[in-house]
Each structure stands twice: as structure tokens, then as C-alpha cells.
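The values are calculated or read from the model by the stated rules, or taken from the named source; none is laboratory data. Since the model is a prediction, treat every value here as computed from it, not as a measurement. All Cβ positions, even for glycine, are placed from backbone atoms using ideal geometry, and neighbour counts span all protein chains on display. Remember, those area values only see protein heavy atoms, side chains included, never the ligands or the DNA or RNA. Shrake-Rupley method; radii C 1.70, N 1.55, O 1.52, S 1.80 Å.
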Amino acid sequence: MTGCARLPLLFLDVDGPLIPFGAEPQRYPTYALGPDLCGVDANPLLNRIDPQHGVKLTALPCEVVWATTWRDEANECIAPLLGLQQLAVVVWPEPSDVDAQDERDGLHWKTRTLVDWAAGRPFAWVDDEVTDTDRAWVAAHHGAHALVHRVDARLGLTDDDYAALASWLRQPCGSEVRRSPMVTGQYPEGGEPLSEQLE
């Protein structure tokens, strides 16, 4: 990326973006899993993970970081399915009184930690639970280029999501912040846009 010393980060959630849920079960295609794969018995939804996500993620100009409650199991169970090397994993702090206040304010419990983890580095955050409250908080507390991108959990990451991420990631880090074009048909209930560029 022009003008950036390091690639931007891509904080990636698992449940929702990679493992779609919430629609009728028969709607989801399933994929073969190896018998030795970690978590096959523990999580019956692993077979919903499309292995092509690995190719698509690798093609993005960023450093992918697991930002999920799967924690280290994302490297043990998900990365092999996608053909990915071991990725960095965000370690979540113990719950605190601040988290309780954030919940009352509508701020996602991951938001503060991801901004701290990025330490001023540009980042995109892909999750199925983010809202405008998170976007506003990131805009006010993160000094670099950022994209908070909401994925419809019923669909998981789509080609349109990847196109939006690729377009954003290929912009210069200092480009003017503006609301990014919305992906047709990907508004959650209530009409809230799925992603917004932040500064």
C-alpha cells in the first residue's frame, strides 16, 4: 500500500463471517472435513466453512488476525481448513466494570481491545455484530485509517464483502474518509449500512 510502512491489519471474526448461521440449515452448502481435524466432533458447523475463504483472504493486501472467541482454536481448527498458516490471535482481557458500561452504551465488547491491539496501525474489522456505535468509537479513539465492516451472519463473507475489503485495503492510508459504497442486498434488519470508513 502506498504510503504505509506496514500492511494494514484485518481483524477477522469466525462465527458469522466464516461460519454462517441464522437461516434454514438446508440453505447452507457443506464441505468435506478431514477426519483428524481439530474440533470436528465439538462443532458440527465447521463443515459450513468454504475452503475458498483461504484463497480470498490470502489475496487481500493485509495481515489477517483472528479476532474471535475461538482464540487459539482458530489456528488449530479453522486455519487448516482454509490452508492458512498460523495467524496472530487477539487475546481478550478479563471482563471489567468498563465492559458492563460499554454494554449499556451499545459498544461491542471487542471494540476497545481491537483499537488497543492495532496501536495506531490501519485496520479493517470484519464481524457480524458491529454497529454505528462501534464505528463512532473507533473514529474517536483510533488515530489511523480504519474500516468497520459488518457481515450478514446468515450469508457469511460473500464476494461483495471481499470486493469492498479489497477496495478499501488498496487505498492510500491517508485517503479522505467517506462512507463506503454499500453492498446491494447486504443491509441488516433496520437498514443499517454494513461498513463505514473511519479515520
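Remarks
- Inside the stretch 7-21, residues that are under 30 Å from Ala119 (Cβ atoms) and part of a loop (DSSP other than H, G, I, E, B) make up a count of 7.
- Residue that is modelled with the lowest pLDDT, among those in the stretch 1-41 that are charged (D, E, K, R) and exposed (fewer than 12 other Cβ atoms within 10 Å of the Cβ): Asp41
- Contact map, the stretch 154-173: first residue touching a residue at least 24 places away in the same chain (Cβ under 8 Å), second residue open to solvent by 70 Å² or more (accessible area, probe 1.4 Å) and part of a loop (DSSP other than H, G, I, E, B), Cβ cut-off under 7 Å, separation 6 or more or different chains; pairs are Pro172/Thr2; Pro172/Gly3; Cys173/Gly3.
- Meets criteria (buried (at least 17 other Cβ atoms within 10 Å of the Cβ), in contact with a Leu (Cβ under 8 Å, 6 or more places away or on another chain), under 28 Å from Gly143 (Cα atoms) and of a type outside the set (Val, Ile, Thr)) for Leu60: yes
- Residue satisfying all of: in the stretch 92-113; hydrophobic (A, V, I, L, M, F, W, C) and at pLDDT 95 or above; most open to solvent (accessible area, probe 1.4 Å) among these: Trp109
- Candidate set from the stretch 157-173 (those that are over 13 Å from the mean Cα position of the chain (by Cα) and not in a helix (DSSP H, G or I)); member that is modelled with the lowest pLDDT: Cys173
- Per-region count, the stretch 122-147, residues closer than 21 Å to Arg71 by Cβ and either more than 16 Å from the chain's Cα centre (by Cα) or open to solvent by less than 80 Å² (accessible area, probe 1.4 Å) (or both): 8
- Residue check for Glu73: out of contact with any helix residue (DSSP H, G or I) (no Cβ under 9 Å at 6 or more places or on another chain), under 29 Å from Asp159 (Cβ atoms) and either surrounded by 19 or more Cβ atoms within 10 Å (Cβ to Cβ) or touching a residue at least 40 places away in the same chain (Cβ under 8 Å) (or both): no
- Of note, Leu46 does not satisfy the criterion of being touching a Cys at 6+ places or on another chain (Cβ under 8 Å), at pLDDT below 95, open to solvent by 20 Å² or more (accessible area, probe 1.4 Å) and not acidic (Asp, Glu).
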